[in-house]
Every structure is written in C-alpha cells, then in structure tokens.
Amino acid sequence: MNKPTLPKGTRDFGPDVMVRRNYLYGAIRAVFERYGFLPLETPSMENLETLTGKYGDEGDQLIFKILNNGDFLKDVSPDTLDSRDVRAMVPLICDRALRYDLTVPFARYVVMNQHAISFPFRRYQIQPVWRADRPQKGRYREFYQCDADVIGSDSLLSEVELVHLYDDALTALGLPSFSIRINNRKILAGLAELTGIADRMMEMTIAMDKLDKIGPDGVRKELLDRGFTPGQVDSIVSFFSLSGDQETILAALRNTLAPSVTGMKGIEELEYVLRRIALNGLKHGRVEIDVTLARGLNYYTGAILEVKADGVQMGSIGGGGRYDDLTGIFGLPGMSGVGISFGADRIYDVMTELNLFPGSLVSTTRLLLVRFSESLEEEEALLRILRQVREAGIPAELYPDVAKLKKQFKYADDLQIPYVGIVGEDELRAGRLSLKDMQSGSQESVEVGALIMKLKT
C-alpha cells in the first residue's frame, strides 16, 4: 500500500492550527461587520465560461478545470485528440472549474440577484480559492481569501473606507507595521497612451506586475520578448524610478502624464483618496504611492491596492481595487464596484513568524473532568456537573475511559487544558469536587456554583 500523501500546494490543519486560523478569521470578520458588510458564500465550482477571460491569459492557465462526468471525450474529434491541442480540447471536456478568486463569482451573484439586492451592496466573503500555481513559500494551490466589496457606487469614499478597514483589521491582529501601497490603473493607462501602446496595456501590466519577482531587468526583458520596442520599454521602465514623498511623486506624475486626459484623471482620483485617508490617519499602517503597482488582472479600472507586512520575507498579504464594469460581462453594465482581499494564509504565516498569536489559543477546553472508577454514582455526578458547566457557557469535557490519573493529567497537559475536576468518594459525599490548577499545581475543594464562577472569571 502506498504511503498517503497530499497534493502539492495543499495542507492539513490540525486542531492547534485551526484554533489560530479561527482566531484570525474571527478578527477580520468582526471588522467587516463593524464596517457594515454582509456575509455571502458562493459555490466552490463555477461554470468554466464564468471564470475564463477575466484574469488574463496567464490567470486563465492557472484555473483548475473539472472534467465532465461520464464519457468526457465524447465531443472530442479524433483530429483534435491527435493534435494534443489543450486549448481547443478544454471547452469540450470541461464545463466547470474551481473558483480562482471571490470577486468574479461575486459579480456573477450580483447579476443573478440584482432585483433582490439594495445598492450599494456591501458584502464580505471568507472562503477558499484554487490556483494551479507552482507551490512555494507563501504561495499555495488551495488557500483562503477574506474579501470585502462595495458594488453599486462610484464614490471614491469606498476606497478610503477600505484602506481604513485594512488598517483596523491588521492592527486588531497585532501586526506592528505594514505598508498599504496604492496606485491607479488610469495612471498606467495614461502611460500606455503616451507610449503608443494603449491597445497593449494588459500585456504591459502583466509584465509590470512581476517587478517584485524578477526585478527591473527581468521586466525589461519580458517586455522586449513581447515585442515592445526599446523606446517603449525605456518609457515604461523609467516609471520605476519615480520615488519620494507623496507630493514629489504626484508632481512628477502630473509633469509626465500632462498630455493624457486619462492619466490626469487617475492622478486626480489618487489625490482625492490620499487626502481623505489623511483626515483621520492610520493606526499601524502607512500609505505609499507605488507607480509600479499594476495588479495584472483584466477587470481593474481605477484605484489598486496591495498590502505588505514589515519585518518578514513575504509577498503581499492583501490587495484589491476598483472595477467599473465587471458585472457587464454577465449582462449588467455600468455597475461600478471596489473591493479588497486579505490573504489569510499569508497573514497566518506572518503572524506565526512574528509570534503574534495569543498563547491562550492552544485549547478551547477550560475544564477536564477525570474518572476514578466505573461507579454509576460517580459517572452520573460527573455528567450532571458537565452539563451545568457547559450550560454556563464554559467549554468542558469528560475523559471517557477509566484510566490512571497520571494518564488523564497528561491528556490535560498535552491539550493545555487549564483546570482538571476530580470527583472521588469524599467529593461525592460532600456534593463537591476537587479543582486542580494545572499551571500552578494548586488544588481546592469547590461546589459547582463556585467552580462556574471561577472559570468564568
């Protein structure tokens, strides 16, 4: 028999990890709800046509396709099969796919339910997504996203709120400092216009989006390989040198993009968002203009955001942006939206590396009741106590087997259960139980009511 393994890029999560993950999700969910976002879930799989064409050519290649049921080759001609043309074959053998992100399924949901939704619609979603990527540190094939979107409003105040939401949520999780990088796709569209490649902007942004991975020389090479002229590449790469404080960068952008109406509109939107964010400031985050930020997805049209944690070697832990017509591809044009996503798995890795999870998260159980004997009277007393403690809202469990106390205490230690309750003959006669503090080793005799009060405090 082969040794069991996991598919690459996927992981099991044991109880100790899940307690931390639930803490992470809970903190983010609490901020989502404080900002007025409503919960939503969509299916793990979507129709393939729903997903394709939304993420660029490279994104489409990373979509996990699901083979049709039964004889999935029945519609494939022998010539197509012999040609081994995967692109031609996929639509014939796959109708469905695992979702690549939460934004496109959200747009599909909005179109299908438009008459039951009050706009602007504010939704949050915490679910897994799948990408057929090469697994590496911080990059998985199955991972969770925590998304918040506002759709049905053009107001840039939504961008301002989402930046503050990032700041509040990551501060609540204990991240000491992080950067929220911001740009605007209209600025990049202006650059493309002035460089004479307006019709190839998507190719430009896909290459620019790899800057952190392959560096300026790598981006230059990719642009040249894509057929851009050396002059066009020089114009694009010269953008990478724009740096300084916000006013310096904005002045340089105005000077560079002055001939482009689209580019100047992007600068205007960027200035508006930055000024409104500055009114209340941020807690632990800082906003940085990054003119090289591209977010190489087809649907972004305005502000784009990306978040990075300080002090760790990790890619972005969140990102998002404005999309003006994502619902249009599903038959509902002119519905502008903006959203952000938290990369929960990367945030988990960052928090683990920085030791930010509270130590008290190891176990949910507060009290373990141990067993001395097979006595029916003892068993009934333990079950009564167990029910009273649980009804008081205190997580508790009963060791199911009669075993040596050393073994039962070790079980409590292994799970870091803070208290152990003992009911022997003396306790039965007195209607009490002995409560052992597993950290200090102290032991006291208490009534059930006093026990509940102690554990609650």
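The separation of the stretch 50-74 from the stretch 164-204, counted between C-alpha centres, amounts to 28 Å. Taken as Cα centroids, the stretch 90-119 and the stretch 390-433 sit 50 Å apart, rounded to the nearest whole angstrom. Label-to-label distance, THR42 versus ASP75, with points set 7 angstrom from Cα along the beta-carbon direction: 2.2 nm.
Over the Cα atoms of the stretch 144-222, the radius of gyration divided by the Kirkwood radius equals 1.06; this is the Rg/Rh ratio. Counting only heavy atoms of the protein chains and using a 1.4 Å probe, PHE330 has close to 50 Å² of accessible surface. Global size of the stretch 50-169: 18.5, 58 Å for Rg and Dmax (C-alpha atoms, Rg to one decimal, Dmax whole). Sites listed here are GluC sites (Glu not before Pro) in the stretch 363-457 whose DSSP assignment is loop and whose Cβ has at most 15 other Cβ atoms within 10 Å: GLU374, GLU447.
Entry note: the chain has Rg to Rh equal to 1.09, where both radii use alpha-carbon atoms and Rh is the Kirkwood radius. Averaging the Cα positions of each part gives two centres, and for the stretch 260-286 and the stretch 341-366 these lie 32 Å apart. Relative to the longest principal axis of the Cα atoms of the chain, the long axis of helix 185-195 makes an angle of roughly 30 degrees. By how many degrees, between 0 and 90 and to the nearest 10, does the Cα long axis of helix 103-112 differ from the longest principal axis of the chain? It works out to around 90 degrees. DSSP beta bridges confined to the chain are antiparallel in about 80 percent of cases. Taking 7 Å steps out from each Cα toward its Cβ at ASN22 and MET314 produces label points 2.2 nm apart. Classify the stretch 178-270 as rounded, prolate or oblate, taking a ≥ b ≥ c as the square roots of the eigenvalues of its Cα gyration tensor: rounded when a/c is under 1.5, otherwise prolate if a/b is larger than b/c and oblate if not. Verdict is oblate for the stretch 178-270.
For the stretch 343-449, which trypsin sites (Lys or Arg not before Pro) are in a loop by DSSP, counting at most 12 other Cβ atoms within 10 Å?
Those that pass, being in a loop and sparsely packed, are LYS404.
Ordering HIS164, HIS284 by how much accessible area each has at a 1.4 Å probe, largest first, what is the list? Could the numbers behind the result be given before it?
Numbers: HIS164 30, HIS284 75 Å².
Accessible-area ranking of HIS164, HIS284, largest first: HIS284, HIS164.
Scan the stretch 172-230 for trypsin sites (Lys or Arg not before Pro) in coil per DSSP, keeping those whose Cβ has at most 16 other Cβ atoms within 10 Å, and list them by number. Don't skip to the end; give the middle numbers.
On the way: sites: ARG181, ARG185, LYS186, ARG200, LYS210, LYS213, ARG220, LYS221, ARG226; in loops: LYS210, ARG226.
Those that pass, being in a loop and sparsely packed, are LYS210, ARG226.
Rounded to whole numbers, the Karplus 3J(HN,Hα) couplings from phi for the stretch 310-323 are 7, x, 9, 8, 8, x, 5, 10, x, x, x, x, 8, 10 Hz, using 6.51 cos²θ - 1.76 cosθ + 1.60 with θ = phi - 60°, and x at Gly and Pro. Using the 1.4 Å probe convention, the accessible area of the stretch 350-457 works out to 59 Å² per residue with neighbouring protein chains retained. When the Cα gyration tensor is reduced to axis lengths a ≥ b ≥ c, the ratio a/c is 1.5 or higher for the stretch 36-78, and with a/b not above b/c it is classed as oblate. If you line up the long axis of helix 405-414 against the longest principal axis of the chain, both from Cα atoms, how many degrees apart are they, to the nearest 10? Once rounded, one gets 20 degrees.
For the stretch 1-116, the relative contact order is 30 percent, taking Cα pairs closer than 8 Å that sit 6 or more residues apart in sequence and dividing their mean separation by the residue count.
Where Rh is the Kirkwood radius over the Cα pairs of the stretch 340-407, the temperature 10 °C and the viscosity 1.306 mPa s, what D in µm²/s does Stokes-Einstein return?
Reported coefficient: 105 µm²/s.
The values are calculated or read from the model by the stated rules, or taken from the named source; none is laboratory data. These numbers come from a predicted model, not from an experiment. Cβ coordinates were reconstructed from backbone atoms using ideal geometry, including for glycine residues, and neighbour counts include every protein chain displayed. All accessible areas refer to the heavy atoms of the entire protein, side chains included, with ligands and DNA or RNA removed. Shrake-Rupley method; radii C 1.70, N 1.55, O 1.52, S 1.80 Å.
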